[in-house]
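FYI, it's all coordinate maths here, none of it is from the lab. This structure is a prediction, so every number in the text was calculated from the model and none was measured. As a convention, Cβ positions derive from the backbone with ideal geometry for all residues, glycine included, and neighbour counts pool all protein chains shown.
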Amino acid sequence: MSNNVASWGSFIKSIASYSGDLASMTAPPFILSPVSLTEYPQFWAEHPDIFVAIAEEADPEKRILLVTKWFITTLRGQYASRNEQLGSEKKPLNPFLGEIFMGKYQPAAGTPTRDIGETILVSEQVSHHPPITAYSIFNDKAGIELQGFSGFKASFSAASIGVKQVGHALVYIKEYDEHYLITLPVLHIEGILSFAPYVELEGHSFIQSTSGYSADLSYSGKGYFSGKKNSFKATISKSAIKQEGKPLYSIKGQWTGTSMVKNEATGKEELFYDSKSTPQYTFSVKPLEEQHEYESRKAWLKVSEAIKLGDYDLISKEKSKIENAQRDLRKAEEAGKPWQSRFFVACDPRVNNGDKYVELSTSLGNKPNSCTNGAPSQQNWRFVREKYDKGEIKA
Ligand code: HCR
């Protein structure tokens with residue numbers, strides 16, 4: 001038996017009885033990714049041209065279709081890219097408190113694209129226990145901004161890991177003073193027993209706009225409604241989610257492949273999105289020597305190199321250096337001021353100070369001034385643009 005098979009076997013046994021935090025669980029070296037979770041928000045705008053197109057559309061009915069299309073474009077990178085590129089899902093690096101990841105989206109070399117202005121990502125680890133990453137992506141030329149935060153709670157069984165996402169995303173379009181609340185799907189990790197873990201989505205997620213339009217998305221894998229992996233269906237309605245009535249549009253297909261949209265009034269059907277033939281953008285970060293010590297790729301450089309070498313002793317040694325430095329920082333803070341996020345502020349979602357999240361989540365069926373639907377009960381994270389504009393660390 002190879003070492004990999006043996007260590008995977010004991011990992012599977014440990015999963016079945018595990019009750020702790022998935023992010024800090026010890027996994028065999030070959031399943032470790034050299035990439036930190038603070039990098040994951042970059043998938044929200046892998047197609048910045050599709051993201052900014054939302055703000056360029058004057059008709060709110062077409063805008064909800066464009067928001068839904070853009071949301072579908074984000075899923076392949078978020079949930080299938082490791083599997084497609086590396087042959088299986090990987091365990092990302094567990095970010096330290098205050099870790100930052102930022103950069104800009106550029107058209108891939110040789111791709112003819114129009115000038116859409118700069119699209120910038122700012123991501124920060126705002127909590128370590130539980131792990132929470134907050135992010136914002138903005139394009140000032142188009143007047144569109146996305147912000148959100150994400151964490152996750154795992155449940156373990158012998159054959160699969162269930163992952164409930166905590167958090168939400170909000171899109172804001174300046175020209176129309178319009179907000180979209182986006183909830184996050186539940187996922188599970190399959191393929192554990194066959195040594196090749198991959199992510200599948202399940203259940204529903206929702207998009208609710210302040211214009212009144214909404215989208216209800218449902219997900220399934222092999223053996224459910226289409227029999228194909230990564231399947232989804234969506235309906236777009238003029239009313240808030242969960243209200244009776246015929247939808248305006250219905251969409252179905254695969255988020256890693258193609259999907260079709262049907263206009264329910266005319267019966268006309270056409271291509272909605274083809275994830276494989278859409279022009280690619282690349283995400284670029286500053287050279288390492290220009291990065292702050294808390295920027296992800298600089299901070300994790302030695303650990304990432306050790307993971308790429310598959311050297312478990314070196315991985316533990318380099319990881320311990322980061323963990324010990326963090327422990328020392330936390331001890332020093334106990335005496336004085338607790339850690340403050342660099343770009344985000346925490347707010348209490350139970351208090352509706354005109355907070356669009358509270359208003360929108362009410363129309364998703366939640367009780368007024370409560371914080372259900374995935375967000376943690378006490379905290380909500382908001383991007384403070386001035387903190388970025390006036391700060392020293394830039395993308
Ligand atoms: C569950 C997961 C870490 C969290 C990842 C999240 C939920 C992070 C926020 C992104 O916006 C969306 C997202 C996508 C990822 O698919 C999801 C990861 C999948 C696996 C990883 C586990 C911690 C790894 C477990 C180890 C495995 C491979 C057995």
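For this structure, a couple of remarks:
- Loop-located GluC sites (Glu not before Pro) in the stretch 251-338, at most 11 other Cβ atoms within 10 Å (DSSP): Glu293
- Within a Gaussian network of the chain (alpha carbon springs, distance under 10 Å), most fluctuating of Ile137, Ile189, Ile322: Ile322
- Pair Val186, Glu57: separation of 7 Å Cα→Cβ label points (nm): 2.9
- Take the Cα of Asp177, go 7 Å toward its beta carbon, and none of the backbone nitrogen atoms of the stretch 46-68 fall under 12 Å from that spot.
- Efficiency of FRET between Asp389 and Glu290 - r from beta-carbon atoms, R0 22 angstrom, step 0.05: 0.75
- Simple spin-label estimate for Phe30 and Arg114 in nanometres, 7 Å along Cα-Cβ: 4.8
- Taking Arg327, Arg385 and counting other C-beta atoms within 10 Å, the order from fewest to most: Arg327, Arg385
- Whole-angstrom gap from the stretch 29-104 to the stretch 193-263, using each part's C-alpha centre: 17
- Of the DSSP H helices in the chain, those whose Cα atoms cover at least 15 Å axially and whose Kyte score averages -1.0 or more: 3-16, 60-75
- Extension gain (nm, one decimal) between Val5 and Lys331, 0.36 nm per residue minus Cα-Cα: 113.4 nm
- Lysines whose Cα lies under 16 Å from that of Lys174, excluding same-chain neighbours fewer than 8 positions away: Lys141, Lys356
- One chain, two ends: Val163 and Asp21. Fully extended at 0.36 nm per residue, the span grows by 50.0 nm beyond their Cα-Cα distance.
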